[in-house]
Amino acid sequence: MARIAVIGAGTGAMAAAARLAVAGHRVVVYERTRTYGGALGRFERDGFSFDTGPGLLPLPAVWRDLFVKTGKEPLESRVELVQVDPSSRHVFADGTEVSLPNASRAGVVAALDAALGAGAGQRWGDFLVRARETWDRTRRPLLEEPLWPNWRVLAEREPYPAVPHKRLLRTRRAGTLAEVGARELRDPRLAALLESHALAYGLDPRTAPANAAVLPYMEYAFGVWYVRGGGLRELARAVYERCLARRVEFRFGAEVTGIVEKDGRVVGVEPAEGAVEEAEFVVSGVAPDVLDRLRGGSPVRGEGEVPARRGGASRLTVLLALRGGRPEG
């Protein structure tokens, strides 16, 4: 049995903590805020509550597997998942509107043809066929194998290889999602549809790799789901309670300011307040740049400071609450 420190209490970090605890390790989660869930936050006002992170869940099979592997109680006994249909409604810059059905490639193709013109749906469908290659290459090593991914296997075949450039007679690699969308979809509205999937995950299509095309593929292949009676925050609560049932310890309001190493191995973590706490392994649930600073011993941020993100994409979310009857439509 090892003593393992997990930095952060987001859903991914808590999922790792639960699995490690089931394997017999002593797991302590350090979270600098006062609650769990990471991006799956909740805002409450005047009797209403809102998810402040993602509102829909793709690929629920990942969470079903987590609950099966960490206890006898299945996911559906903790939260109620409902498929959303239609999955989304898009309004483009030119005023065109389209509603896309859930988990229906043929339905999506037909809807796009009707809204954007003949051939648009087929181009989108062909694009998803290419995106499936990314899914097929990454599903097992990234989602199903318990150990570190076999990167050599992942690199055997690149779903977006260098391709001949018609005019310049040279190869050109589609490095970003925005580039491959513009080249293959040939319609700014379809490109905007593609990029919306990246933006929903906080990714900038101009810098996200082309293989981020797996995001729309997952949605249209497996559907999107909603957690009835509280939104995705309830999923975070269920994972947190599963961790508690597996005797994972949580330290809220405990920011880790450094990872202590000796002779090339981790020996502990250093909280902002208190002495170094021993740990044989550290699982990072924070961004890679934050982890680098922790290893270097420099503070992540000053008191009340939120580092600016420059040049990235942004989005605006409106939290709308209604009282009384819901208008038709």
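The values are calculated or read from the model by the stated rules, or taken from the named source; none is laboratory data. None of these values were measured; they are calculated from a predicted model. Here the Cβ positions follow ideal geometry from the backbone for every residue, glycine too, while neighbour counts run over all protein chains shown. Surface accessibility is based on the protein's heavy atoms, side chains included, excluding ligands, DNA and RNA. Shrake-Rupley method; radii C 1.70, N 1.55, O 1.52, S 1.80 Å.
Listed by number, the DSSP H helices of the chain that run 15 Å or longer by alpha-carbon position along their axis and have mean Kyte hydropathy of at least 0.5 are 11-22, 105-116, 188-200. Computing FRET efficiency as 1/(1 + (r/R0)^6) for L320 and V22, where r is the C-beta to C-beta distance and R0 is 35 Å, gives about 0.30.
Spin-label model, D46 to R3: label points 7 Å out along the Cα-to-beta-carbon direction sit 5.0 nm apart. All Cα-Cα distances of the chain, cut into 10 Å bins from zero to the largest, leave 5, 20, 29, 27, 14, 5, 0 percent in each bin in turn. Comparing N102, L316, S284 along the charge dipole axis of the chain, the residue lying farthest to the positive side is N102, per the Cβ-charge model. Roughly how much of H90 is accessible, in Å² to the nearest 10, using a 1.4 Å probe? About 30 Å², rounded to the nearest 10. Full extension of the chain segment joining D289 with A110 gains 60.1 nm, where the gain is 0.36 nm per residue of separation less the Cα-Cα distance. Size descriptors for the stretch 52-117, from the alpha-carbon set: Rg then Dmax equal 16.6, 51 Å. Of W124, W135, the order by accessible heavy-atom surface (1.4 Å probe, DNA, RNA and ligands excluded), from most exposed downward, is W135, W124.
Across the accessible surface of the chain, with the other protein chains kept in place and a 1.4 Å probe, carbon and sulfur atoms take up 52 percent. Counting 0.36 nm for each residue step from L142 to F281 and taking away their Cα separation leaves a gain of 48.0 nm.
So if R0 is 35 Å, what FRET efficiency would V267 and V84 give, r being the distance between their Cβ atoms, rounded to the nearest 0.05?
So, using R0 = 35 Å, E works out to roughly 0.15.
Among beta bridges identified by DSSP and lying wholly in the chain, the antiparallel ones come to about 65 percent. Along the chain, the exposed loop sites are trypsin sites (Lys or Arg not before Pro) outside DSSP states H, G, I, E and B with at most 11 other Cβ atoms within 10 Å, and the longest stretch free of them is 73-156. When +1 charges are put on Lys and Arg Cβ atoms and -1 charges on Asp and Glu Cβ atoms, the dipole computed for the chain relative to its Cα centre reaches about 600 debye.
Accessible surface computed residue by residue for the chain, with neighbouring protein chains in place and a 1.4 Å probe, gives 59 Å² per residue.
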